[in-house]
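A.B. asks: Structure provided below as structure tokens; questions to follow.
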């Protein structure tokens, strides 16, 4: 029996070595990600690659916005600059509290914000966040927090992508990408400070999608990381403001109120859906994202009320 | 608990440790451990149905003992019928009650009578068709005096519920498996290595071939009204590989696990898609069920003895019952009937035992004539699988009509991702079939493949399989198709 185990362990060593080689080769095959547990896409949706590379030279900020695409498409640093406020938007697509925490850990000391504005997108509390983790693995640095995310999610796709990212980082190709500022296929332009601008002016989504009507139970993992982020800021005496960005067709989303228990009386909190009335069609370009008109209204409203928070 | 989950991995590691390190010297303790583990394994899915296995076990154990106490043929026959009625009764209630009720009501309606239709919300217990047939083989063999009745309830219970093959076979004969519970098991290095390779091949067949093919087969069958002829043909081909990879994969894992525990289970698949005619296909596909029907139904009905009419009748009975065994739906019956029709010309011309050897053994490629026969048999099989997969007979007929009436070429319904997936799945199937072809002289694709090559080359090949398994493992852990039977 011991001979069997000896052979099995030897095979596992060979297998692990060839597995790493396999991942590296796999990444070179076009479209190999289709249906596979591997997705290493640099410079993908949301300009995360450019955003994190801008941070080291950006300097200290007054406000740091953290969250999903609702945030990096909802707060324009140029508007804040006119009011004498320097801001940075630290977001990635579908970013959940887990990735928000990791980004705060990585960049808080470089940006040194006085205020952190944290968007509580209800649906991100109910997902494990594989998509934003893959985005961070491919477009941000590889460090102990990359392993933390992988351990928390324990997902084969995340592990495979991390393995490749690690190999790419070791040979120095991980951070070589120069991402385009303007992506015509998506109509996105990156604006310094983390904002991504899109020239769309009208939301034609009127019907509720079946999936959004279903109640989704918040995950303990995400709740814990939200609380960790709050404590992280509190420890550094940074003002923490939680927000719920506005969405169109509000009644389509059954998870709108999951934040009630999270948001204690002591917490500074603005639910824009309750504080502010926007047009479902004229102020958005889809149900989740503000267009330029909506953005201006929300940003101005936020700046006006900042002192009261 | 599914074989390809972490739950099963942890379960098996603990079981393996206890089995070989703690209870190694006592087969009674090993049998108790197998019994407990098997009940945990089955109860993981739904503990309530453990009672069915327990009832089936107790009934057949008691009847076996009673048969052993008497030589009176009439009494033995009575006891056998009691076993058949009890086992088939449980199976019919859970699997076929609603089917018979619905069809009886339809029949009455057809003759102008209105009947109140009773249907029950019955959950089909996993693997009920498999363990029912396995226990039946015991009482029939005891009745035929081919087997001494078991006097050890633990051994017998462990035989009925043996977890590697409990829910999807192979359906073992009591005369083959039961004595193994009474024999000292030793850990054999070569058996363990070969068993591990068989598990690896089974996982590859299931996770890579069956699940990838299944994704596309489901997409095409679920949207068959929208698809053109090319897609419908591809859908049927993908389903053929889904069902093969799924079921053969399960069998390989089950046999491999048993070998790690010192048990020998029968071969259930022998490269069926390299068959040169339908008769050969049925000697290579789900062997444990085909031979069960041969031994316990076909031969008692007279088999191939008697006149031509009797032969034809028995063949049709076997295929239709086999179809019905798979599920309570007319589609399965029609699938069985279609296979009987395929088989008929071979039977009538006495050519049904023509191809009993390995196709082109020792040759790199098949002869053109063999290749054409293989393709012809595969086409017939794929056509029959359409009935097996379709939701209803109407769906199957519409699907087949679509194949012959709609256009060829790239289907506008499929997007770029679907087309990419089709291409990748096609490549994986080619890789799978090549491995099976070059390994066709073994009992499974990997057994004799590269066996004379250097260890590093063999291990590299196995590593490729591990790589593909981990690359395509699906998180939603699709269950094995044959669990539902």
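A.B. asks: Find the strands (runs of 3 or more DSSP E) located wholly in the range A:180-295 whose residues include 1 or more that are modelled with pLDDT under 85 and surrounded by fewer than 19 Cβ atoms within 10 Å (Cβ to Cβ), and list them.
C.D. replies: A:268-271
A.B. asks: Restricting attention to the range B:145-192, which residues are without any contact (Cβ under 8 Å) to a residue 40 or more places away in the chain and within 14 Å of chain A (Cβ to nearest Cβ)?
C.D. replies: B:189, B:190
A.B. asks: Another question about this same structure. Please go through the range B:444-464 and pick out each residue that is under 23 Å from residue B:267 (Cα atoms) and crowded, with 19+ Cβ neighbours inside 10 Å.
C.D. replies: Passing the criteria: B:444, B:445, B:446, B:449, B:462.
A.B. asks: Can I ask one more? So which of B:344, B:301, B:368 ends up being touching a residue at least 24 places away in the same chain (Cβ under 8 Å) and either under 28 Å from residue B:238 (Cβ atoms) or over 18 Å from the mean Cα position of the chain (by Cα) (or both)?
C.D. replies: Of the residues listed, the single one that is touching a residue at least 24 places away in the same chain (Cβ under 8 Å) and either under 28 Å from residue B:238 (Cβ atoms) or over 18 Å from the mean Cα position of the chain (by Cα) (or both) is B:344.
A.B. asks: From the list B:138, B:131, which one is touching a residue at least 12 places away in the same chain (Cβ under 8 Å) and more than 18 Å from the chain's Cα centre (by Cα)? Step through it out loud before you land on a result.
C.D. replies: Values: B:131 fails: more than 18 Å from the chain's Cα centre (by Cα).
Being touching a residue at least 12 places away in the same chain (Cβ under 8 Å) and more than 18 Å from the chain's Cα centre (by Cα) holds for just one of B:138, B:131, which is B:138.
A.B. asks: Among the candidates A:117, A:61, A:71, A:66, which residue alone is in contact with a helix residue (DSSP H, G or I) (Cβ under 6 Å, 6 or more places away or on another chain), more than 16 Å from residue A:139 (Cα to Cα), more than 14 Å from every other protein chain (Cβ to nearest Cβ) and in contact (Cβ under 8 Å) with a residue 60 or more places away in the chain?
C.D. replies: On inspection, the qualifying residue turns out to be A:66.
A.B. asks: Taking the range A:1-26 as the search range and keeping residues that are over 19 Å from residue A:163 (Cβ atoms) and more than 9 Å from chain B (Cβ to nearest Cβ), which one is nearest to the chain's Cα centre (by Cα)?
C.D. replies: Per the criteria, the residue is A:9.
A.B. asks: Regarding residue B:397, is this residue closer than 14 Å to residue B:232 by Cβ and touching a helix residue (DSSP H, G or I) at 6+ places or on another chain (Cβ under 6 Å)? Give the steps one after another, and end with the answer.
C.D. replies: On the way: closer than 14 Å to residue B:232 by Cβ: yes; touching a helix residue (DSSP H, G or I) at 6+ places or on another chain (Cβ under 6 Å): no.
Taking the combined requirement at face value, the residue does not satisfy it.
A.B. asks: Check the range B:414-424 and report whether any residue there is more than 14 Å from chain A (Cβ to nearest Cβ) and buried (at least 17 other Cβ atoms within 10 Å of the Cβ).
C.D. replies: No: zero hits.
A.B. asks: Tally up the residues in the range A:151-171 that are away from every other protein chain (no Cβ under 14 Å) and assigned to a helix (DSSP H, G or I), please. Break it down into steps so the answer makes sense when it comes.
C.D. replies: From the range A:151-171, those away from every other protein chain (no Cβ under 14 Å) are A:151-152, A:165-171; that's our starting set.
Then keep just the ones that are assigned to a helix (DSSP H, G or I); that gives A:151-152, A:165-170.
Summing the residues that are away from every other protein chain (no Cβ under 14 Å) and assigned to a helix (DSSP H, G or I) in the range A:151-171 gives 8.
A.B. asks: Okay, next question. Listed residues A:193, A:187, A:172; which is in contact with a strand residue (DSSP E or B) (Cβ under 8 Å, 6 or more places away or on another chain) and without any contact (Cβ under 8 Å) to a residue 40 or more places away in the chain?
C.D. replies: Checking each option against the conditions leaves just A:187.
Residue by residue, here is whether (1) more than 26 Å from residue A:240 (Cβ to Cβ); (2) crowded, with 19+ Cβ neighbours inside 10 Å; (3) under 13 Å from the mean Cα position of the chain (by Cα) holds:
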{"residue": "A:113", "(1), (2), (3)": "no, yes, no"}
{"residue": "A:116", "(1), (2), (3)": "no, yes, no"}
{"residue": "A:126", "(1), (2), (3)": "no, no, no"}
{"residue": "A:136", "(1), (2), (3)": "no, yes, yes"}
{"residue": "A:141", "(1), (2), (3)": "no, no, no"}
{"residue": "A:147", "(1), (2), (3)": "yes, no, no"}
{"residue": "A:163", "(1), (2), (3)": "yes, yes, no"}
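A.B. asks: Now for a separate question. Which ones in the range A:95-114 are touching a helix residue (DSSP H, G or I) at 6+ places or on another chain (Cβ under 7 Å) and closer than 15 Å to residue A:225 by Cα?
C.D. replies: Just the residues of the range A:95-114 that are touching a helix residue (DSSP H, G or I) at 6+ places or on another chain (Cβ under 7 Å), to begin with: A:95-102, A:104-107, A:110-111.
Passing the criteria: A:95, A:96, A:97, A:98, A:99, A:100, A:101, A:102, A:104, A:105, A:106.
A.B. asks: Tally time: how many residues in the range B:20-44 are buried (at least 17 other Cβ atoms within 10 Å of the Cβ) and either closer than 26 Å to residue B:248 by Cβ or assigned by TED's automatic domain parsing to the domain that holds residue B:262 (or both)?
C.D. replies: Looking only at that region, the number is 5.
A.B. asks: Out of all the residues in the range A:27-52, which are closer than 19 Å to residue A:177 by Cβ, touching a residue at least 24 places away in the same chain (Cβ under 8 Å) and at the interface with chain B (Cβ under 9 Å from one of its Cβ atoms)?
C.D. replies: A:38 - this is the single residue of the range A:27-52 that is closer than 19 Å to residue A:177 by Cβ, touching a residue at least 24 places away in the same chain (Cβ under 8 Å) and at the interface with chain B (Cβ under 9 Å from one of its Cβ atoms).
The values are calculated or read from the model by the stated rules, or taken from the named source; none is laboratory data. Note that the coordinates shown come from a computational prediction; the quantities given were computed from them, not determined experimentally. With ideal geometry, Cβ positions are generated from the backbone for all residues, glycine too; neighbour counts draw on all protein chains shown.
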